[in-house]
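The values are calculated or read from the model by the stated rules, or taken from the named source; none is laboratory data. The shown structure was predicted, so the numbers you read here are calculated from the model rather than taken from an experiment. So basically every Cβ, Gly included, is an ideal-geometry build from the backbone, and we count neighbours across all protein chains shown. For accessibility, only protein heavy atoms count, side chains too; no ligands or nucleic acids. Shrake-Rupley method; radii C 1.70, N 1.55, O 1.52, S 1.80 Å.
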Amino acid sequence: MKMARPPGNHPLWEREWVTFENFLRWNGLSFPAKSSILDAGCGNRGLEQGALARGFTYTGLDIEDADFDTDDLPLDDATIDVAFSLATLEHLFRPEHFLSEVRRSLKPGGLMLITVPNIEFSGTAFWDNPGHNKPFTRKSLRKLLEISGFEVVVVYPGLRMKPRWMYEGRARFRLAASLPISKNIVSGPLVAISGRARSIAIVARNP
């Protein structure tokens, strides 16, 4: 996909969309046409504008809609094409319940797109957020998804809109955590070394 604007000029949430579009394309996947999107843990519904601009339908759920640890999600079975869970799983006590509910709502072949902090690199800073309850490594997150019935397609560092080579290779998570500029809000040549990521991004599929 050719980007019309340099990465540093993309609004925050559009960068999320473009990043996951790249992840899917690199793995022979794409968002289905007229996708039904679930944004679970939507907060201020940042993904909504990008979903609507792409011709998708959007459902955002947060704490006022359901307790993700215990409640059934207010969704019918097999009605969602793509579910986002961005920076949400680490706040739960029972992420396995939440994942089972998301999987119930996904169509066969539906996609689950996840980001969480990477405890391997976030270290004690993870616990500085009083809302954090469940730390994850790449291995533990993959295992949780597999136990929950998902097929893991790919695991990447949580960088936004970087060239493909930065997401691959054995040292990719260490590289992502070591970039010298922490916020990807610059433009020009500095974009290449901005956006430090101490997080995990996973693409998974409902078989």
Q: Whole number in Å², please: accessible area per residue of region 44-146, 1.4 Å probe, ligands, DNA and RNA not counted.
A: 47 Å²
Q) Do the sum for the chain: with -39,500 (n - 2.57) for every DSSP H run of n ≥ 4, divided by all residues, what is the mean residue ellipticity at 222 nm, to the nearest 500 deg cm²/dmol? A) -7000 deg cm²/dmol
Q: Work out the charge dipole of the chain with +1 on the Cβ of Lys and Arg and -1 on the Cβ of Asp and Glu about the Cα centre, then indicate which of L175, F93, S30 is farthest towards its positive end.
A: L175
Q: Sum up the charges of everything whose Cβ sits under 11 Å from the Cβ of W13, counting Lys and Arg as +1 and Asp and Glu as -1, but leave W13 out.
A: -1
Q: Step through the residues of region 11-18 one at a time and calculate ³J(HN,Hα) from phi using the Karplus curve (6.51 cos²θ - 1.76 cosθ + 1.60, θ = phi - 60°), rounding each to whole Hz and writing x for Gly and Pro.
A: x, 3, 6, 5, 4, 4, 4, 5
Q) Over the Cα atoms of region 86-155, Rg to Rh with Kirkwood Rh, two decimal places? A) 0.97
Q.
Over all directions, how big on average is the projection of the convex hull of the alpha-carbon atoms in region 124-195, in square nanometres?
A. 6.3 nm²
(Q) If packing is taken as the average count of other Cβ atoms within 10 Å, what order do 162-171, 189-198, 60-69 fall into, highest mean first? (A) 189-198, 60-69, 162-171
Q. What percentage of the solvent-accessible surface of the chain, computed with a 1.4 Å probe over protein heavy atoms, is contributed by carbon and sulfur atoms?
A. 54 percent
Q: Sequence neighbours fewer than 8 away in the same chain don't count; with that in mind, list the lysines whose C-alpha is under 26 Å from K143.
A: K107, K134
Q: Report the equivalent ellipsoid semi-axes for the chain in whole Å, largest first, defined as the square roots of five times the eigenvalues of the gyration tensor built from alpha carbon atoms.
A: 25, 21, 16
